[in-house]
Amino acid sequence: MEKESVDPRDVFVKPNYMLMSLQRILVLFVILAGVIVVVYYTPMPEEYFENCDRECHELDWPMICRVKLVIEVYKTYSKSCNNCAEAHGADCPPMCITADGRERGVLAANRELPAPSFHVCQNDILVVDVVHRAPAHALSIHWRGQPQRETPFMDGVPMLTQCPQPAYTTFQYKFRASAVGTHMYHAHSAADAADGLAGAFIVRQSPRLDPLRKLYDVDATEHTIFVAEWGHSMGPLAGVTPNAPNAESLLINGKGRSSEFSNAPISTFTVENGKRYRFRLMYGGGSKSCPIKFSVDEHVLKVIALDGSGIQPEDVDAITFARGERVDFVLDANKASGVYKIRVVAEKSCQEDLEGVAELVYKTLDSKIQKTTENVNLPVTREVTTVNSDKCASDKVLCLNEIHSADNFPAKLAATIDEVIYVPFNYSTRQISAKRVESWGQTDGFRFTYPASPLLTQGNDVAPEAICARGSNEDECVHVKKIPLRSTVELVMFDQGGESDHIFHLHGYNFYVVGIREFNTSVDKNKIKEMHEQGTLFATRNLIDPVIKDTIVIPKFGVVALRFEADNPGYWMMRDERSAHWTRGLDFVLKVGEESDFVQAPPDFPKCGSYVGPEYFLI
């Protein structure tokens, strides 16, 4: 009997599981080895860098930028100058502060005016050791424009997010530079900032991620412009007297001229023909904090961002803005080679004859460009202003409510708002004696003062009666407004005093300016609320692409509507920018969320508060 033939294809072959396992292990090993090689050769943030100013790239690891700020009382024209200002054409050494040509005390950081500029990339970790060597001062540093989501206790508000730093101590600020844009850092006390403790803080992003990158060719560190008021009657007593003293000059990057010293050194900014330059402009203000107008002779300024947030570009010949605000503009270097004046002039309604000057210098001398007029743009006779006034009716003035954001308004904020908060502010007076009348500011009927311990880090140490409450007879209290976490909020703020324009800066957030209006007289809170609910408070509201800011100028007898989503828990101050010191009563605090939502400070974070000893301790 013959055996049946078997087709080899019909024979079942048992898989070699051992070999398959070895193959998988080999593949995993190769992948793991590749990851190890990539990580090994990729620079990790294992060390500190004193200078993180570099071209940013989206694939780079963030750097840890550690710097030291030594705060001390210094002076202009110190011995380090070696009479450089008197020597024609001589460059002054780095530690020589010339200001406007006259000698004056300075509250300096690292003996520089303004304070050293910080240029970092998005998400870099900034570690700043503030070494406080100025006697009789309590300091804190605010990092303007940074939301501090991970580190709310680094926001720099004394008695709110931290204890003020005593003299002869070191306090280390450590936070992530998460918000891209042109920002500032400064002492919380405006008098200290006016004395020199303020500087530029620039957070860049990768050119591939920057939506404004196509508008310019160069974004260089040396094209940062810091403007500040300067005067010789300023200092620790500024703001204590009823009338703020006049400033003597406006400094551009710490340099300027006065009537007595018309040959003092001034700042210069170098450009090359045929390139478009991004300039980062900011105004540190001063004791009086007059609005200023900025311009460059014969040049068009393309405004592309306000307070670090992009806008739809606008070509103008001048920019008017206020203390604490920042403006990015693009300058097309298309003029004949030479030297052009950069001018800043204070609004005459605030102070007459207050101005500053610098120079725009073309680096290359090209005779062909000098002879041609093809590169010269048609003249632009329009200015942009963030300060609302009667000029807004003119076609030649572009006001804040006419500026459009580069981004659309979030649908969540365009819908019905969860929380509408009305905040009137005014001044009250009280007869102290036959010859003395005390005046102070108040918001919604409360005069703000600070608690004895920081609300964020020592909330349990703050007595409940210290917080403002309706029906309280206290003259001063800690004015706190509670907001549910993740709610949508509209702040309706309006001036009932009519003293002057007011400037407010919101910590921890940006907001959308959806409405702004001026009245000719004081308006009651109930009337404002009624008009707002009926939709007649503003002639027009922008719920499509309103401008995004963190600092707002509220006109005299004016009202603004500001919207944001309360997604950053903590205690955040709405700061009265024209207060010379910590407060003049017009500030208030937004408490977003509950204590359980707050990011906790490190266990060894400094603590402070009042001390009252036992009734009897000497026996």
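The values are calculated or read from the model by the stated rules, or taken from the named source; none is laboratory data. The model shown is predicted, which means the values in this text are computed figures rather than measured ones. Methodologically, a virtual Cβ is constructed for each residue, glycine included, from the backbone with ideal geometry; neighbour enumeration extends over all protein chains shown. Surface accessibility is based on the protein's heavy atoms, side chains included, excluding ligands, DNA and RNA. Shrake-Rupley method; radii C 1.70, N 1.55, O 1.52, S 1.80 Å.
Among the listed pairs Lys79/Lys293; Lys79/Lys255; Lys275/Lys341; Lys214/Lys412, those whose Cα-Cα separation exceeds 26 Å are Lys79/Lys293; Lys214/Lys412. With R₀ fixed at 35 Å, the C-beta to C-beta distance from Arg208 to Ser21 puts the FRET efficiency at about 0.20. Seen from all directions on average, region 177-227 presents a Cα convex hull projection of 4.5 nm². Distance between the 7 Å Cα→Cβ label points at Lys275 and Glu595: 5.6 nm.
Once both labels are positioned 7 Å from their Cα atoms along Cα-to-Cβ, the gap between Ala167 and Asp297 label points is 4.6 nm. At a probe radius of 1.4 angstrom, the accessible area of the chain per residue rounds to 49 square angstrom. Residues of region 109-125 with amide nitrogen under 11 Å from the 7 Å Cα-to-Cβ point of Thr221? Once the point is set 7 Å along Cα→Cβ of Thr221, 117-120 turn out to lie under 11 Å by backbone N, inside region 109-125. Near Arg584, once Lys and Arg are set to +1 and Asp and Glu to -1 for all other residues with Cβ below 10 Å from its Cβ, the sum equals 0. As a ratio to 2.2 N^0.38 Å, the alpha-carbon radius of gyration computed for region 517-619 takes the value 1.63.
Gain on full extension, evaluated as 0.36 nm per residue between Lys529 and Glu402 minus their Cα-Cα distance, stands at 43.3 nm. Think of it as helices only: each DSSP H run of n ≥ 4 in the chain is worth -39500 (n - 2.57), and spread over all residues that comes to -2500 deg cm²/dmol at 222 nm.
Bridge orientation summary for the chain: considering DSSP beta bridges with both residues in this region, about 70 percent are antiparallel. Figure legend: label point modelled 7 angstrom from the Cα of Ser522 along Cα→Cβ; no residues of region 569-599 have amide N under 12 Å from it. If R0 is taken as 22 Å, the Cβ-Cβ distance between Asp395 and Thr536 corresponds to a FRET efficiency of 0.30.
Less than 5 angstrom separates the built amide H of Val70 from those of Asn110, Val131, all sequence-distant by 5 or more or on a different chain. For region 390-515, the convex hull spanned by the alpha carbon atoms encloses 176 Å³ per residue. Surface listing: Arg208, Arg104, Arg24, Arg213 arranged by accessible area from highest to lowest gives Arg208, Arg24, Arg213, Arg104, probe 1.4 Å. Here the gap between Glu103 and Glu352, fully extended at 0.36 nm per residue and compared with their Cα-Cα distance, gives a gain of 87.3 nm. The heavy atoms of Ile403 present about 0 square angstrom of accessible area, all protein chains included, probe 1.4 Å. The reciprocal of the average 1/r between distinct C-alpha atoms defines the Kirkwood hydrodynamic radius, which for the chain equals 26.8 Å. Geometric descriptor of region 173-294, per residue, is 144 Å³ (volume of the convex hull of the Cα atoms). Could you give the Stokes-Einstein D for region 76-214 in µm² per second, using the C-alpha Kirkwood radius, 20 °C, 1.002 mPa s? Reported coefficient: 129 µm²/s. Rg and Dmax over the alpha-carbon atoms of region 97-176 stand at 14.3, 44 Å.
Taking the 1.4 Å solvent-accessible surface of region 266-425 as the whole, the part contributed by carbon and sulfur is 46%. Compared with the direct C-alpha span, the chain from Asp545 to Asp567 gains 5.9 nm at full extension, assuming 0.36 nm per residue.
A crude spin-label estimate for the pair Ser428 and Ile31, with each label 7 Å from Cα along the Cβ direction, gives 6.9 nm.
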